[in-house]
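For reference, the structure discussed in these notes is given below.
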Amino acid sequence: MATTEQREREEVAERLLAASARHSFDPDTELDWDAPLVPGLWFMPAHLVSLYDTPLWRRMTEEQRIELSRHETASVAAAGIWFEIILMQLLARHIRGQDPRTGHVRYAFTEVADECRHSMMFARLITTLGTPWYGPGRTTRRLGALMAATAPTPAAFLGTLLAEEILDRNQRATMADETVQPLVRGVTRIHVVEEARHVRYAREELRRQMTTAPAWERAYARLSSGESALVVSRTLVHPRVYASVGLDPDEAQRQARASEHRRETLRWSAERLTSFLDEIGVLRGRTVLAQWRRSGLL
Ligand SMILES: [Fe+2]
Ligand SMILES: [Fe+2]
């Protein structure tokens with residue numbers, strides 16, 4: 001007595017399981033962690049560094065700019081681990097009580113396993129980069145913990161998609177860029193391949209949820225989406241990265257926020273996501289849109 005919806009869900013899951021069986025990576029053996037970092041190469045494409053093309057940037061030496069790219073990459077990796085821990089918790093909650101024989105649940109297990117390897121890979125990257133462990137501040141961490149423990153399904157998949165699609169856009173640009181360190185390119189390549197499936201899974205589920213979930217759960221997802229967008233966009237670059245390269249964190253943050261290039265970059269990183277969210281009816285209402293604009297992602 002499976003409904004069309006359940007059949008579609010299973011078809012997607014089976015395809016994703018087959019793709020996972022073909023292309024999954026063990027980062028520990030896949031990447032050459034012992035190769036020395038290459039002098040003069042960036043840790044992310046220069047134009048993705050938060051201060052690119054600001055007055056401060058123009059005064060920085062090339063060495064200092066590259067050093068900032070190292071710290072920002074470590075900051076994004078730390079934020080990535082934080083996102084992934086929340087996501088693993090959301091996925092575990094999502095499948096609790098569901099039939100584990102279904103493709104949908106088996107794929108959720110596969111995704112949790114992927115995220116475990118990703119977080120270990122990001123942690124190893126931070127260690128290799130030799131930077132501090134950045135990651136969100138206390139208030140943001142508490143907000144994340146609350147969301148992970150309580151978010152209804154549509155909001156859970158929306159939050160997941162937000163973090164995954166924005167990282168994905170940046171990582172696709174990074175993995176293809178020859179001015180970037182081979183190790184960082186390797187890490188982003190593995191992540192992009194495996195995350196493409198996660199994005200598919202979350203999109204399909206969110207699309208279904210936004211038509212079938214109870215009205216209050218859909219409203220909750222829509223109303224909380226702007227806040228999630230703000231948290232994601234503000235968490236990527238920890239203000240301490242600026243102090244790490246000898247800049248005044250307040251001034252640097254002010255210039256990054258005022259930068260037209262930065263705003264353009266943030267919008268670019270979210271444009272595929274925002275057009276999807278618009279299509280499924282999430283980006284509706286004046287308050288919601290205003291919050292999204294404040295996040296810089298719209
Ligand atoms: Fe991941
Ligand atoms: Fe993921």
Carbon plus sulfur fraction of accessible area for segment 70-171, probe 1.4 Å, in percent: 62
Electrostatic dipole magnitude of segment 114-196 [Cβ: Lys, Arg +1; Asp, Glu -1; Cα centre; debye, to 20]: 380
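Using 0.36 nm per residue of separation minus the Cα-Cα distance, give me the extension gain between Arg263 and Ser24 in nm, one decimal.
Values: separation 239, 0.36 × 239 = 86.04 nm, distance 3.40 nm.
Contour length minus the Cα-Cα distance gives 82.6 nm.
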Contour excess over end-to-end distance, with Cα ends at Asp278 and Thr140 and 0.36 nm allotted per residue: 47.1 nm
Among Leu266, Val288, Leu298 - extreme Cα towards positive end, dipole of segment 247-298, charges at beta-carbon: Val288
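Explain nothing, just the number: relative contact order of the chain, from Cα pairs under 8 Å at least 6 residues apart, as a whole percent. Show your work: numbers first, answer last.
Values: 348 pairs, mean separation 78.2, N = 298.
Dividing the mean separation by the residue count of the chain yields 26 percent.
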Folded to 0 to 90 degrees: helix 182-212 orientation relative to the chain principal axis, Cα: 30
Most to least packed among 72-78, 177-183 [average Cβ atoms within 10 Å]: 72-78, 177-183
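Based on the mean of other Cβ atoms within 10 Å per residue, sort peptides 184-196, 15-27 so the most packed one is first. Intermediate results must be reported in sequence, preceding the final value.
Details: 184-196: 21.3, 15-27: 14.4.
Packing order, densest peptide first, comes out as 184-196, 15-27.
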Spacing of the two label points (7 Å from each Cα toward its C-beta) at Glu8 and Glu178, in nm: 4.4
Selection from Val192, Thr211, Leu161, by position along the positive dipole direction of the chain (Cβ): Thr211
Charge dipole (debye, nearest 20) of the chain; +1 at Cβ of Lys and Arg, -1 at Cβ of Asp and Glu: 1020
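The values are calculated or read from the model by the stated rules, or taken from the named source; none is laboratory data. Note that the structure is a prediction, hence the values are computed from the model and not measured. Glycine gets a Cβ as well: all are built from the backbone with ideal geometry, and neighbour counts include every protein chain shown. For the accessible areas, the whole protein counts, side chains as well, though only heavy atoms, and no ligand, DNA or RNA atoms are used. Shrake-Rupley method; radii C 1.70, N 1.55, O 1.52, S 1.80 Å.
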